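Heads up: the structure comes next, in structure tokens.
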Amino acid sequence: MKHILLFTIVFFTISIAKGQEDESPLMQFLSRRGYVFPGSTHKSILSDSLKQWPDTLFYNTPYKSTLLGSMTIPISFSNIEISKGNYLVSPTVSLGIGYTWFWGDFIFNENDKITVDPTAFFGLIANAGLENNFSFNKLAGFFTGGFIGVGSFTLFGGYDIIGKSPSLGLGGRIDFFTISQKFLHVLGKVHEIRKHKKIALPITSE
């Protein structure tokens, strides 16, 4: 009996793993975000006004949603601290963690990759200063706040808890979705930017 139970568990585990391997990265991406593939036995119970995704998605077609999002690593190379009306520029390198929301469009490619074309960003962050005057000998500050950005340019603004003063910073970000598409969050209703071409292939679960 124990051998039968063990065999059943092993077989079930292998079947699940095999099923996951059979799913393409794009199928996994869409399934985890609630997309119902054409011809699927699982039908959406939502009305058309509440559906996030169109009934059919197509390859090589630009789409847009209300917002896109991703975890991000902010990197600041300089700080401007504001204290008693004075501005102090400090060459402090800071790293942290945050979340970015951004506008842009995205395209599903036939090679299972998603091409994202972002425009403007904004988000919330917490940064720790790793370096003061490039000496790496102490924590230079702990900064919480937000940011805005266009392209790779990012302006940080918030409050330095250690320095007890408002602070501004310039730098960049490493957005997680640029490392792996599974970190890309699609927020709000999705629609085609322009009608798909007649030769565009629909995205199916097969």
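The values are calculated or read from the model by the stated rules, or taken from the named source; none is laboratory data. As the structure is a computational prediction, the values presented were derived from the model and not from experiment. For neighbour counting, all protein chains shown are included, and Cβ atoms are generated from backbone atoms with ideal geometry for every residue, glycine included. The protein model used for the area step is the full one, side chains on, heavy atoms only, and it has no ligands, DNA or RNA in it. Shrake-Rupley method; radii C 1.70, N 1.55, O 1.52, S 1.80 Å.
Of Gly129, Gly145, which residue is open to solvent by less than 60 Å² (accessible area, probe 1.4 Å), at pLDDT below 80 and closer than 14 Å to Ile73 by Cα? So that I can check it myself, show each step before the final result.
Details: Gly145 fails: at pLDDT below 80.
Of Gly129, Gly145, the one residue that is open to solvent by less than 60 Å² (accessible area, probe 1.4 Å), at pLDDT below 80 and closer than 14 Å to Ile73 by Cα is Gly129.
Which of (1) modelled with pLDDT of 85 or more; (2) in contact with a Phe, Trp or Tyr (Cβ under 6 Å, 6 or more places away or on another chain); (3) over 19 Å from Phe102 (Cα atoms) does Arg194 not meet, given it meets every other one?
(2)
Of (1) at pLDDT 95 or above; (2) surrounded by fewer than 15 Cβ atoms within 10 Å (Cβ to Cβ), Ile97 satisfies all except one. Which?
Going through (1) at pLDDT 95 or above; (2) surrounded by fewer than 15 Cβ atoms within 10 Å (Cβ to Cβ) one by one, Ile97 breaks only (1).
Mind telling me which of the residues Leu168, Leu187 ends up being open to solvent by 50 Å² or more (accessible area, probe 1.4 Å), within 15 Å of Thr100 (Cα to Cα) and not basic (Lys, Arg)?
Exactly one residue qualifies, and that residue is Leu187.
Of the residues Gln52, Gln20, Gln28, which is at pLDDT below 95, surrounded by 13 or more Cβ atoms within 10 Å (Cβ to Cβ), assigned to a helix (DSSP H, G or I) and within 24 Å of the chain's Cα centre (by Cα)? Break it down stepwise before answering.
On the way: Gln52 fails: assigned to a helix (DSSP H, G or I); Gln20 fails: surrounded by 13 or more Cβ atoms within 10 Å (Cβ to Cβ).
Only one candidate qualifies: Gln28.
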